[in-house]
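Reading through the structure tokens given below for one structure.
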Amino acid sequence: MSRINYCLRSVVALTLALPGLAHAGGAYIYEMSSAAETGYGGVGMTARANDAGTVFTNPAGMTRFDDSELMAGATLTYIYVPFKDDGNSVDGSTGGSKTWVPAASVAYVYPLSEKLKLGLSFQNYFGLKLNWDDDWVGRSTSVSETIVAPQLQPTAAYKVNDWLSLGAGAGLTMGYLTNKSRVTNPGDPAGPEGKMKISDADFAIQYNFGIMLEPSENTRIGVRYLTETELDFRDAPSIKGITPDPNPAAIKLGINMPQAVNGGIYHQLNDDWALLGSVGWDQWSKFGKIDVTLEGDNVSKTVNAGFDDVWHFGIGAEYQLNPKLLLTSGLAYDTSMMTDAHRPVSIPLGAMTRYAVGFQYEKRKGLTLGGGFSFLWEGNLPLKPGGDASGKYTDVSLSFLSFYVRWH
């Protein structure tokens, strides 16, 4: 098999696999932006500004802090993606993917003056990880895929007047990409398969702009805009167990972190109850377009995975059970980033519904403990016909469990 055929084979596998890493459901991962978001399912995140997580969710919300606050948390994610074969797949296992993914987030707000506030946050809001058995039916596309983009974000916010605040941040982003798959040995097609791996890292900056409106003491409206940025990965595929040695050329992949707009509202009904709402838009149609270059072989093109933009809608509530304990909840829906006709085997994506509950407990003055659980449901996801794996993913879901501490 020629070198360029191996390069093209690598490109096909990667362009099918990479878009699916962004999020099962087709949106940025609210629960990874701040551990406190798990208790709300991301509902109203741009308007609440009731903890240091606002450094990322809406930097303008920092103007509400008269004192400094540090919040640190951890989130554990369980990705459940079982696969049901319809009898037309290639030989192999059909177990699907079941993966645990840990994450952490930290945020700090420092009031420099009455009007000017500074912040710093660390989070991984973009990307996930999926693993399948080495002999599973979709192994020619991927057996393991990871793309993560942890960010360190410095921010600043300014209170223009009593009802308007502005904020901005720069997300210093380090993207990491790894994809592993299996390839047929041309020297021995019936023998053991070879292994292919591509891995690289890249740095980019994603800007974060926020607005906070406070028309009354009990009502807040927040809007946050994330800019588009691109991660450029380059690596020569490592291929083992193949004869003769294919010596593949380096592959360059340009992957967009899409622009996104999210708006939220927070309204305090009385001393016990508050209501929240949110709406958002993410340009995932742009993320589905991947720039591919085979260095040295004069092959360069943009591969379009046929993705759609995603819309988010959510409602939620807070209930002050007693002076120390606040209960939270959220219900959210995100539209699908693709149809059944465009769903490759490595991309278990569909419309998603979130159900979230959480709590905040004031342990003592200046110390608050919190946590949350969010269940994300996608259901049955049929695959695009014609691939090595034929059938559908069933009962697809993600579960998020988080705990955090606030010192303020």
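The values are calculated or read from the model by the stated rules, or taken from the named source; none is laboratory data. Values in this document were obtained by computation on a predicted structure and should not be read as measured data. Counting neighbours? That spans all protein chains shown, and the Cβs are built from the backbone with ideal geometry, glycine included.
Of all residues in segment 116-137, which are more than 25 Å from ALA72 (Cα to Cα) and either touching a helix residue (DSSP H, G or I) at 6+ places or on another chain (Cβ under 8 Å) or touching a residue at least 40 places away in the same chain (Cβ under 8 Å) (or both)?
Just the residues of segment 116-137 that are more than 25 Å from ALA72 (Cα to Cα), to begin with: 130-137.
If the condition is that a residue be more than 25 Å from ALA72 (Cα to Cα) and either touching a helix residue (DSSP H, G or I) at 6+ places or on another chain (Cβ under 8 Å) or touching a residue at least 40 places away in the same chain (Cβ under 8 Å) (or both), then LEU130, ASP133, ASP134, ASP135, TRP136, VAL137 are the ones that fit.
Name every residue in segment 201-225 that is surrounded by 14 or more Cβ atoms within 10 Å (Cβ to Cβ), over 19 Å from the mean Cα position of the chain (by Cα) and either at pLDDT below 95 or of a type in the set (Gly, Ala, Ser) (or both), in order of residue number.
GLY210, GLY222
Report the residue count in segment 388-400 for those that are under 30 Å from GLU37 (Cα atoms), surrounded by 17 or more Cβ atoms within 10 Å (Cβ to Cβ) and not hydroxyl-bearing (Ser, Thr, Tyr).
Of the residues in that region, 3 qualify.
Residues to consider are THR57, THR75; find the one that is out of contact with any Lys or Arg (no Cβ under 7 Å at 6 or more places or on another chain), crowded, with 24+ Cβ neighbours inside 10 Å and within 29 Å of GLY379 (Cα to Cα).
Selected residue: THR75, the only one of THR57, THR75 that is out of contact with any Lys or Arg (no Cβ under 7 Å at 6 or more places or on another chain), crowded, with 24+ Cβ neighbours inside 10 Å and within 29 Å of GLY379 (Cα to Cα).
Do we have any residue at all in segment 165-177 that's surrounded by fewer than 21 Cβ atoms within 10 Å (Cβ to Cβ), among the polar types (S, T, N, Q), touching a residue at least 24 places away in the same chain (Cβ under 8 Å) and part of a strand (DSSP E or B)?
Going through segment 165-177, the residues surrounded by fewer than 21 Cβ atoms within 10 Å (Cβ to Cβ) turn out to be 166, 168, 170, 172, 174, 176.
If we keep only those that are among the polar types (S, T, N, Q) too, we end up with none.
Looking through segment 165-177, none of the residues is surrounded by fewer than 21 Cβ atoms within 10 Å (Cβ to Cβ), among the polar types (S, T, N, Q), touching a residue at least 24 places away in the same chain (Cβ under 8 Å) and part of a strand (DSSP E or B).
Does segment 354-387 hold any residues that are surrounded by 14 or more Cβ atoms within 10 Å (Cβ to Cβ) and farther than 25 Å from SER329 by Cβ, and which are they?
Once the filter is applied, which keeps residues that are surrounded by 14 or more Cβ atoms within 10 Å (Cβ to Cβ) and farther than 25 Å from SER329 by Cβ, segment 354-387 yields LEU381, PRO382, LEU383, LYS384, GLY387.
Please work out which residue is farthest from the chain's Cα centre (by Cα), limiting yourself to segment 235-276 and to residues that are hydrophobic (A, V, I, L, M, F, W, C) and not in a strand (DSSP E or B). Spell out the reasoning first.
Just the residues of segment 235-276 that are hydrophobic (A, V, I, L, M, F, W, C), to begin with: 236, 239, 242, 249-251, 253, 255, 257, 260-261, 265, 269, 273-276.
With not in a strand (DSSP E or B) added as a condition, the list becomes 236, 242, 249-250, 269.
Working: ALA236: 26, ILE242: 35, ALA249: 30, ALA250: 27, LEU269: 32 Å.
The residue in question is ILE242.
Given the options VAL81, VAL11, name the one that is surrounded by fewer than 24 Cβ atoms within 10 Å (Cβ to Cβ), farther than 27 Å from SER329 by Cα and modelled with pLDDT under 90.
Numbers: VAL81 fails: farther than 27 Å from SER329 by Cα.
None of the other options fit; the residue is VAL11.
When the residues of segment 98-123 are filtered to those that are surrounded by 24 or more Cβ atoms within 10 Å (Cβ to Cβ) and hydroxyl-bearing (Ser, Thr, Tyr), which remaining residue is modelled with the lowest pLDDT? Explain how you work it out, then say what you get.
Quick first cut of segment 98-123, residues surrounded by 24 or more Cβ atoms within 10 Å (Cβ to Cβ) only: 105, 107, 109, 117, 119, 121, 123.
Pick out the ones that are also hydroxyl-bearing (Ser, Thr, Tyr) and you get 105, 121.
On the way: SER105: 93, SER121: 96.
Going through the qualifying residues, I end up with SER105.
Quick one: which of ARG406, ARG354 is touching a strand residue (DSSP E or B) at 6+ places or on another chain (Cβ under 6 Å) and under 20 Å from LYS129 (Cα atoms)? Quick ask: steps written out before the conclusion?
Values: ARG406 fails: under 20 Å from LYS129 (Cα atoms).
The conditions single out ARG354.
Answer yes if at least one residue in segment 148-161 is crowded, with 17+ Cβ neighbours inside 10 Å, touching a Ser or Thr at 6+ places or on another chain (Cβ under 6 Å) and modelled with pLDDT under 90, and no otherwise.
Yes, segment 148-161 contains at least one residue that is crowded, with 17+ Cβ neighbours inside 10 Å, touching a Ser or Thr at 6+ places or on another chain (Cβ under 6 Å) and modelled with pLDDT under 90.
So ASP297 clears everything in (1) modelled with pLDDT under 90; (2) surrounded by fewer than 19 Cβ atoms within 10 Å (Cβ to Cβ); (3) in contact with a strand residue (DSSP E or B) (Cβ under 7 Å, 6 or more places away or on another chain) except one condition, right? Which one?
Only one criterion in (1) modelled with pLDDT under 90; (2) surrounded by fewer than 19 Cβ atoms within 10 Å (Cβ to Cβ); (3) in contact with a strand residue (DSSP E or B) (Cβ under 7 Å, 6 or more places away or on another chain) is unmet by ASP297, namely (3).
Name the residues in segment 125-151 that are part of a loop (DSSP other than H, G, I, E, B) and farther than 30 Å from VAL55 by Cα, would you? Please lay out each step first, then the result.
So the first thing to find is which residues in segment 125-151 are part of a loop (DSSP other than H, G, I, E, B), and the list is 125-128, 132-135, 137-143, 149-150.
Selection gives TRP132, ASP133, ASP134, ASP135, VAL137, GLY138, ARG139, SER140, THR141, SER142, VAL143.
Going through ASP91, ASP66 one at a time, which residue ends up being of a type in the set (Asp, Glu) and out of contact with any strand residue (DSSP E or B) (no Cβ under 8 Å at 6 or more places or on another chain)?
Numbers: ASP66 fails: out of contact with any strand residue (DSSP E or B) (no Cβ under 8 Å at 6 or more places or on another chain).
None of the others qualify; the one that does is ASP91.
Pick out the one residue from PHE126, PHE65 that is under 28 Å from GLN206 (Cα atoms), of a type in the set (A, V, I, L, M, F, W, C) and buried (at least 24 other Cβ atoms within 10 Å of the Cβ).
Within the list PHE126, PHE65, the selection yields PHE126.
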